[in-house]
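Single-structure report; data block below.
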Amino acid sequence: MALHLLKLCVGPASIEELEARIAHNRAEALRLGQEPVTAHVTRMFPKRAQAIAGGGSIYWVMKGTLSCRQAIRAIEPVTGSDGIDRCRLVLDPVVMPVSPRPCRPFQGWRYLEARDAPADLDRASAGEVAEMPESLRRELAALGLI
């Protein structure tokens, strides 16, 4: 079973904003003649990287709610322009909404076992919940109704 990462999404306050940021960054890379790679750089390299790279995802917490995920394609060590070693998570550009649930704030990232990961919200598995606006799903999850 795959291991996942749980991380606070800083900046975008919704799935739509995250998707817009990804699209903007990919378009900018193409404009500059670079490969359009979706990635997130974090300071610490996961000790359990092999378990994550074998099919794991990064689950994003937005405004106190675990809201969506992106598949992790690769985990690479990188050195920043300041000479500090970091970790580059190469992500799938597709953002998959998940069954929302409240999540307390934390620093850095946390491991998320596959058995504890929320289900994807696609039309086949979630029906009408997948069609609800994200803000409504967030409110209902906060109330414990979904």
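Accessible surface ranking for THR79, THR38, 1.4 angstrom probe, highest first: THR79, THR38. Between ARG21 and LYS47, the modelled label-to-label distance comes to 2.8 nm, taking each label 7 Å out from Cα in the direction of the beta carbon.
The heavy atoms of VAL94 present about 90 square angstrom of accessible area, all protein chains included, probe 1.4 Å. Per residue, the chain reaches -7000 deg cm²/dmol at 222 nm when only DSSP H runs of four or more residues are counted, each adding -39500 (n - 2.57).
Taking 15 Å as the cut-off, the amide N atoms of region 1-28 that come nearer than this to a point 7 Å along the Cα-to-beta-carbon line of ALA39 belong to 25-26. Split the accessible area of the chain by element, probe 1.4 Å, and carbon with sulfur accounts for 52%.
Note that the chain presents 59 Å² accessible area per residue, ligands and nucleic acids not counted, probe 1.4 Å.
The values are calculated or read from the model by the stated rules, or taken from the named source; none is laboratory data. This structure is a prediction, so every number in the text was calculated from the model and none was measured. Here the Cβ is made from the backbone with ideal geometry for all residues, glycine too, and neighbour counts use every protein chain on show. Heavy atoms of the whole protein, side chains included, go into the accessibility calculation; ligands, DNA and RNA do not. Shrake-Rupley method; radii C 1.70, N 1.55, O 1.52, S 1.80 Å.
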